Amino acid sequence: MSLFQQPSFDTVTEALQWLNLQGFTQNFNLDVNCIRYNNNSQSMSPDEFKIEYIFRFEGDTDPGDEDIVYGIISDVYNIKGVLTSAFGIYADSVSVEMIKKLSTH
């Protein structure tokens with residue numbers, strides 16, 4: 001399934017549940033120049049993963065409700081997982097390389 005044929009969901013929870021059923025079971029956390037997983041004890045650089053799915057949720061009344069859910073695959077580490085981030089990730093301390101990777105889609 002490509003990014004252009006992916007399902008749509010009304011809530012972040014629905015997207016996370018669907019991704020989990022597709023085998024995206026790791027929880028990733030965004031760091032300055034990598035994505036961390038396994039209770040932040042391991043990390044992946046931008047060239048070690050690809051973004052398979054992106055689901056964007058915009059809050060109708062509260063801009064604070066805006067989120068992006070990424071379905072991420074790493075063939076290097078043979079793992080699939082999810083990263084959730086508010087639209088304002090670019091305001092966070094994130095490297096240019098990570099911004100480019102997360103905004104390529």
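Read-outs: derived from the displayed coordinates by stated rules, not from any lab. These numbers come from a predicted model, not from an experiment. Glycine also receives a Cβ, built like all others from the backbone with ideal geometry; neighbour counts cover every protein chain displayed.
Quick notes on this one:
- Per-residue extension of 0.36 nm, minus the Cα-Cα distance of N78 and D31, leaves a gain of 14.9 nm for this segment.
- Between V12 and E97, the contour length at 0.36 nm per residue exceeds the alpha carbon distance by 28.0 nm.
- For Q42, nonlocal amide neighbours, meaning residues 5 or more places apart or on other chains whose placed amide H falls under 5 Å from its own, are Y37.
- Listed peptides 78-84, 20-26 by packing density, highest first (mean Cβ within 10 Å): 78-84, 20-26
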